[in-house]
Amino acid sequence: MNALVFVLLGYLLGSLPFAVIVSKAFGLADPRSFGSGNPGATNVLRSGNKLAALLTLVGDAAKGWLAIWLAGKWGGDSLGVAAAGIAAFFGHAFPVFLKFKGGKGVATALGVLAGFNGWLALICASVWLLVALVTRYSSLAALLAAVSAPVATAWLGSGKEALMAVTAMSVILILRHRDNIKRLLAGTEGRIGGKKQSD
């Protein structure tokens, strides 16, 4: 029963659309109306407002971390904590407040990783940053970070429940980037800072 409560809590937290909330607060266009159409930090960055993009990134990551923290704070076992984390990720990807059409979940996944293990989040963030700096492909950075996440989780010994949750998030992240993968293979994927970049 506790696991179900934490799933609901995590999902509702994850469903908070910070890209839309922050954009509205800054008087910016709805991020679903331009660029990739994804309500995420990368698309908010296309508005030209770096602070709004940063706040969106922080908010999306924080809700993933908060779901994990609250589950642990309120007595959740390892299964309940893992369930809260994966539910937060699903909430971002399929938010009830946006008719189940959300972002790809990279920042929220990072927050969930931080909730499981700070070193885990640091490793995956480092992979993302290194790939993004070298290639300037946000999507490729996200894909390689997703691939590295389960490996890092197992290596750090974060537990089987966390490993299952992280693996599930990684698989879903990769599937939600399938259009980006096609563009990467075709050489048409936009780069960070480019006008037609896709996140």
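Heavy atoms only, probe 1.4 Å: what % of the accessible area of the chain goes to carbon and sulfur, would you let me know?
On the way: 6970 of 9940 Å².
In the chain, the share of accessible area belonging to carbon and sulfur is 70 percent.
Please compute the per residue accessible area over the chain with all protein chains in place, 1.4 Å probe, rounded to a whole number of Å². Don't skip to the answer; put the middle values down first.
Numbers: 9940 Å² over 199 residues.
That works out to 50 Å² for each residue.
For the peptides 24-31, 12-19, the ranking by mean Cβ contacts within 10 Å, running from highest to lowest, is 12-19, 24-31. The angle separating the long axis of helix 50-73 from the principal Cα axis of greatest extent in the chain is about 10 degrees.
When shorter helices are ignored and each DSSP H run of at least 4 residues is given -39500 (n - 2.57), the per-residue value for the chain at 222 nm works out to -22500 deg cm²/dmol. Note that region 86-131 shows a convex hull volume over its alpha carbon atoms of 58 Å³ per residue. Taking the centroid of alpha carbons for each part, region 1-51 and region 128-199 are 19 Å apart. Between L12, V171, I192, the Cα set farthest toward the positive side of the dipole of the chain (charges on each charged residue's Cβ, about the Cα centre) is that of I192.
Determine the gain in length on full extension of the stretch D77-V134; use 0.36 nm per residue of separation and subtract their C-alpha separation, reporting nm with one decimal. Spell out each step's value before the answer.
Values: separation 57, 0.36 × 57 = 20.52 nm, distance 4.00 nm.
Full extension from D77 to V134 adds 16.5 nm.
Protection proxy ranking of 132-145, 86-99, by the mean of other Cβ atoms within 10 Å over each peptide's residues and highest first, is 86-99, 132-145. Just going by the charge dipole of region 81-196, with Lys and Arg at +1 and Asp and Glu at -1 on Cβ, which of G115, A84, A146 is farthest out on the positive end? Looking along the dipole axis, the top candidate is A146.
Could you sort the peptides 176-184, 35-43 by per-residue average Cβ neighbour count (10 Å cutoff), highest mean leading? Please list the in-between numbers first.
Numbers: 176-184: 15.9, 35-43: 23.1.
Descending mean neighbour count gives 35-43, 176-184.
Relative contact order for region 1-108: 41 percent, from Cα pairs under 8 Å spaced at least 6 residues apart, divided by residue count.
Rounded to the nearest 20 debye, the dipole magnitude of the chain is 660 debye, with +1 charges on Lys and Arg beta carbons, -1 on Asp and Glu beta carbons, and the Cα centre as origin. Quick one: Debye curve from the alpha-carbon atoms of the chain only, equal weights, vacuum; give me log10 I(q)/I(0) at q = 0.10, 0.11, 0.17 Å⁻¹ to two decimals. Scattering profile of the chain, log10 relative to I(0): -0.37, -0.45, -1.08. For a paramagnetic label modelled at 7 Å from the Cα of I21 toward its Cβ, which residues of region 58-73 fall within the zone defined by backbone nitrogen distances under 18 Å? Of the residues in region 58-73, 58-71 have backbone N under 18 Å from the label point off I21. Pairs of lysines in region 104-199 whose Cα atoms sit within less than 20 Å of one another amount to 5, provided the residues are eight or more positions apart or on different chains. Taking the C-alpha atoms only, the angle from helix 2-14 to the longest principal axis of the chain is near 20 degrees.
Working from label points 7 Å from Cα in the Cα-to-Cβ sense, the D30 to K99 distance is 0.8 nm.
Any chance you could give the angle, 0 to 90 degrees and rounded to 10, that helix 78-93 forms with the longest Cα principal axis of the chain? So the helix axis and the longest Cα principal axis differ by about 20 degrees.
The values are calculated or read from the model by the stated rules, or taken from the named source; none is laboratory data. Just so you know, these numbers come straight off a predicted model, no measurement behind them. Don't worry about glycine lacking a Cβ; one is built from the backbone with ideal geometry, like all the others, and counts go over all protein chains shown. The accessibility values were calculated without ligands, DNA or RNA, using every heavy atom of the protein model including side chains. Shrake-Rupley method; radii C 1.70, N 1.55, O 1.52, S 1.80 Å.
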